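The values are calculated or read from the model by the stated rules, or taken from the named source; none is laboratory data. Not measured: the values here are computed from a predicted model. Virtual Cβ from ideal backbone geometry, glycine too; neighbours counted across all protein chains shown. The area values use the complete protein model at the heavy-atom level, side chains included, leaving out ligands, DNA and RNA. Shrake-Rupley method; radii C 1.70, N 1.55, O 1.52, S 1.80 Å.
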Amino acid sequence: MQKIIILDFGSQTTQLIGRRVRELDTFCEILPYNKFPHDDPDVIGVILSGSPLSVNQADAFCLQFDGLRGKYPLLGICYGAQLMADTFGGKVESSDTREYGRANLTEIDATDPLLKGIDVGAQVWMSHGDTITVLPEGFRTIASTPTVHQAAYRGIGEEKLWGVQFHPEVFHTLCGKQLLENFVVGICGSRKDWSAAHFVDTTIEELRRQVGNDRVILGLSGGVDSSVTAVLLHRAIGDKLTCIFVDHGLLRKDEFSDVMGLYEGLGLNVIGVDASQKFYSELAGVTDPERKRKIIGKGFIDVFEAEAQKITDARWLAQGTIYPDRIESMNITGKVIKSHHNVGGLPEKMNLKICEPLRWLFKDEVRRVGRQLGIPERLIGRHPFPGPGLAVRILGDITPEKVHVLQEADDIFIRGLREWQTEDGDVLYNKVWQAGVVLLPVQSVGVMGDERTYEQAVALRAVTSTDAMTADWAHLPYDFMAKVSNEIINKVRGVNRVCYDISSKPPATIEWE
Ligand code: XMP
């Protein structure tokens, strides 16, 4: 399959470049800047990312252009553009002020294929300290802004080499999608052959080749990634896949039975393990959030391992790892890669091989693949839910009674979101990234009927986001909040006050613990 290589020089937006290319139905790989796959016949073009560094720094990341320039179309973004200008004989200097934010292209060479369909005045997003002051000999400027003369340049003559000082991958560069399409499709000649249907077909074949007749085990969480992994594997190897779904007693109301029902409806072979008592007893009296997380993480591995060991012929452990979890180049300085596996240590102990069929996908692609596989929208469109579950939403110690109160309040809120119609014919649930209720360690005075009450307060949390890195509180309709608040106070014994959390991330986080 054709692919674009994105060489990563450490920019925070490198992943976004990858997502934009995939949105053009074109496969891409993000690799550290010094790991170009010279013998890969499928490469059709190369994008050089931005970087926090300056090309004039002694320890700046350099690139060997032998075997790149003249062989593939090249597009340098920000640092990538500066690096090419500097390497090929131009000059890059630090500007007096960092240029950050919105700018408009005031001059454009409309005949250039990179700028096809982009008009004078197009908005772009700048983020740079250095500026290209002199272009290499024979290179020419193809776009400028009032303050940046070399906003975009082209190499010599018809050479397929371009540099842009702005960031086409970010949302605020309104012409960015067009520019990237011009490069990926118009210039590199992408056939746009990366689609969910294609992914499903090739992955099923690949899985059959990879695991053959071996048995595979998989930990299901009810989340999108593990569910899609399970269905893909089931399509490939049928009952040779055994799934394990652990109930730590901190799931939402009826979630364990609901999700088990959905999985069974999909024909999956699932072992459900109710381990709630073990978790409740280990968590009794523990108030420190990090200790809670550790106890749950270890408890989860113990239960999973005990079950997995009963499946004596298992050779593989499948995981729902997705691309952003493992982009090595996100850390091109070579330090730790984020450890995210919730069954860490298990593969070695049980001598299992790892199988990660979603390892190339971004989150939105996982959902597309899930839909392609016919997985019900109720599983695909689910909000993210933290591994430690309601434990991080009960401030202070955890008791089964508190879990019950929170489950009831949370159920009213989430059901309400699922049922509340929005003007565009959708429901409120689909308009927020994530939502839940937090049980506060606070009691307050209230009055119900003729009686004074002294009961607990809960906080509703609902946020909008695209990746959970930043989030804003969701501006839910007042009528909706009034309905939910009434229902919680009237129906959930032990709660007499409902608040709404209006903090954004940063500086707050989505979860309270
Ligand atoms: P925060 O609270 O850091 O959460 O803004 C960002 C996203 O991560 C989820 N989250 C977790 N997921 N284990 C998980 O699997 C955890 O310990 C954990 N803590 C937070 C959170 O629900 C949100 O989607």
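So VAL303 ticks every box in (1) in a loop (DSSP other than H, G, I, E, B); (2) at pLDDT 90 or above but one. Which box is left unticked?
(1)
Sort out which residues of the stretch 342-395 are in a helix (DSSP H, G or I) and among the charged types (D, E, K, R), and write them in order of number.
The first filter runs over the stretch 342-395 and keeps only residues in a helix (DSSP H, G or I), leaving 346-349, 363-372, 377-380, 389-393.
Result: GLU348, LYS349, LYS363, ASP364, GLU365, ARG367, ARG368, ARG371, GLU377, ARG378, ARG393.
Count, please, the residues in the stretch 257-284 that happen to be of a type outside the set (S, T, N, Q) and not in a helix (DSSP H, G or I). Steps first, answer last, please.
Let us first name the residues in the stretch 257-284 that are of a type outside the set (S, T, N, Q), namely 258-268, 270-275, 278-280, 282-284.
Among the residues that remain, those that are also not in a helix (DSSP H, G or I) are: 266-268, 270-275, 284.
The qualifying residues number 10.
Which count do you get for residues in the stretch 85-139 that are closer than 22 Å to SER54 by Cα and among the charged types (D, E, K, R)?
Step one: of the stretch 85-139, the residues closer than 22 Å to SER54 by Cα are 85-103, 124-137, 139.
Add one more test, that the residue is among the charged types (D, E, K, R), and what stays is 86, 91, 93, 96, 98-99, 102, 130, 137.
The qualifying residues number 9.
Given the residues SER276, SER227, SER195, which is the only one that is within 26 Å of VAL369 (Cβ to Cβ) and open to solvent by less than 20 Å² (accessible area, probe 1.4 Å)? First the steps, then the outcome.
Values: SER276 fails: within 26 Å of VAL369 (Cβ to Cβ); SER195 fails: open to solvent by less than 20 Å² (accessible area, probe 1.4 Å).
That would be SER227, the only listed residue that is within 26 Å of VAL369 (Cβ to Cβ) and open to solvent by less than 20 Å² (accessible area, probe 1.4 Å).
Of everything in the stretch 146-169, what is farther than 15 Å from GLY80 by Cβ, surrounded by 14 or more Cβ atoms within 10 Å (Cβ to Cβ) and at pLDDT 95 or above? Give them in sequence order.
Residues of the stretch 146-169 that are farther than 15 Å from GLY80 by Cβ, as a first pass: 146-149, 156-159.
Applying the additional criterion that residues be surrounded by 14 or more Cβ atoms within 10 Å (Cβ to Cβ) yields 148-149, 159.
Listed by number, the list holds a single entry, GLU159.
Counting only residues that are in contact (Cβ under 8 Å) with a residue 24 or more places away in the chain, away from the ligand (no atom under 16 Å from the Cβ) and either aromatic (Phe, Trp, Tyr) or open to solvent by 50 Å² or more (accessible area, probe 1.4 Å) (or both), how many does the stretch 377-396 have? Spell out how you get there, then give the answer.
Residues of the stretch 377-396 in contact (Cβ under 8 Å) with a residue 24 or more places away in the chain: 378-396.
Those left that are additionally away from the ligand (no atom under 16 Å from the Cβ): 378-380, 396.
Narrowing further to those that are either aromatic (Phe, Trp, Tyr) or open to solvent by 50 Å² or more (accessible area, probe 1.4 Å) (or both): 378.
Residues that pass the stated criteria total 1.
For the stretch 36-55, indicate whether the set of residues that are closer than 20 Å to ARG359 by Cα and touching a helix residue (DSSP H, G or I) at 6+ places or on another chain (Cβ under 8 Å) is non-empty. Before you say what the answer is, go through the steps one by one.
Step one: list which residues in the stretch 36-55 are closer than 20 Å to ARG359 by Cα, which gives 36-37, 40, 42-43.
Applying the additional criterion that residues be touching a helix residue (DSSP H, G or I) at 6+ places or on another chain (Cβ under 8 Å) yields none.
Among the residues of the stretch 36-55, not one is closer than 20 Å to ARG359 by Cα and touching a helix residue (DSSP H, G or I) at 6+ places or on another chain (Cβ under 8 Å), which makes the answer no.
Does the stretch 19-37 contain at least one residue that is in contact with a His (Cβ under 8 Å, 6 or more places away or on another chain) and either open to solvent by 10 Å² or more (accessible area, probe 1.4 Å) or polar (S, T, N, Q) (or both)? Working first, answer last.
Residues of the stretch 19-37 in contact with a His (Cβ under 8 Å, 6 or more places away or on another chain): none.
Checking the stretch 19-37: not a single residue is in contact with a His (Cβ under 8 Å, 6 or more places away or on another chain) and either open to solvent by 10 Å² or more (accessible area, probe 1.4 Å) or polar (S, T, N, Q) (or both).
Is it the case that VAL498 is in a helix (DSSP H, G or I) and touching a helix residue (DSSP H, G or I) at 6+ places or on another chain (Cβ under 9 Å)? Full working, then the answer.
Values: in a helix (DSSP H, G or I): no; touching a helix residue (DSSP H, G or I) at 6+ places or on another chain (Cβ under 9 Å): yes.
No; evaluated as a whole, the condition is false for this residue.
Would you confirm, using the coordinates I've provided, whether GLY416 is among the small types (Gly, Ala, Ser), surrounded by fewer than 19 Cβ atoms within 10 Å (Cβ to Cβ) and not in a strand (DSSP E or B)?
Details: among the small types (Gly, Ala, Ser): yes; surrounded by fewer than 19 Cβ atoms within 10 Å (Cβ to Cβ): no; not in a strand (DSSP E or B): yes.
So GLY416 does not fit the description; no.
Inspect all residues belonging to the stretch 315-332 and state whether any of them is at pLDDT 70 or above, surrounded by fewer than 19 Cβ atoms within 10 Å (Cβ to Cβ) and over 22 Å from the mean Cα position of the chain (by Cα).
Checked the stretch 315-332: at least one residue is at pLDDT 70 or above, surrounded by fewer than 19 Cβ atoms within 10 Å (Cβ to Cβ) and over 22 Å from the mean Cα position of the chain (by Cα).
Looking at the stretch 308-321, can you tell me whether even one residue there is farther than 18 Å from PRO347 by Cα and not small (Gly, Ala, Ser)? So that I can check it myself, show each step before the final result.
Narrowing the stretch 308-321 to residues farther than 18 Å from PRO347 by Cα: none.
Taking every residue of the stretch 308-321 in turn, none turns out to be farther than 18 Å from PRO347 by Cα and not small (Gly, Ala, Ser).
Pick from the stretch 465-477 the residues that are open to solvent by less than 70 Å² (accessible area, probe 1.4 Å) and modelled with pLDDT of 95 or more: which of them is farthest from the ligand (Cβ to nearest atom)?
Filtering first and then ranking leaves PRO477.
What tally of residues in the stretch 485-504 results from selecting those that are more than 16 Å from the ligand (Cβ to nearest atom) and under 30 Å from the mean Cα position of the chain (by Cα)? Reasoning before the result, please.
Initial filter on the stretch 485-504 (more than 16 Å from the ligand (Cβ to nearest atom)): 485-500.
Now restrict to residues that are under 30 Å from the mean Cα position of the chain (by Cα): 499-500.
Residues meeting the conditions: 2.
Could you list all residues from the stretch 478-504 that are within 16 Å of ARG415 (Cα to Cα), in contact (Cβ under 8 Å) with a residue 12 or more places away in the chain and open to solvent by 50 Å² or more (accessible area, probe 1.4 Å)?
LYS483, LYS491
In the stretch 88-107, what residues are at pLDDT 90 or above and either open to solvent by less than 40 Å² (accessible area, probe 1.4 Å) or of a type in the set (Lys, Arg) (or both)?
GLY90, LYS91, VAL92, ALA103, LEU105
Answer yes or no as to whether GLN443 is closer than 26 Å to GLU401 by Cα, away from the ligand (no atom under 16 Å from the Cβ) and open to solvent by 90 Å² or more (accessible area, probe 1.4 Å).
Working: closer than 26 Å to GLU401 by Cα: yes; away from the ligand (no atom under 16 Å from the Cβ): yes; open to solvent by 90 Å² or more (accessible area, probe 1.4 Å): yes.
So GLN443 passes the test.
PRO507 versus (1) away from the ligand (no atom under 16 Å from the Cβ); (2) without any contact (Cβ under 8 Å) to a residue 12 or more places away in the chain; (3) more than 27 Å from LEU379 (Cβ to Cβ): which is the lone unmet condition?
PRO507 satisfies all of (1) away from the ligand (no atom under 16 Å from the Cβ); (2) without any contact (Cβ under 8 Å) to a residue 12 or more places away in the chain; (3) more than 27 Å from LEU379 (Cβ to Cβ) except (1).
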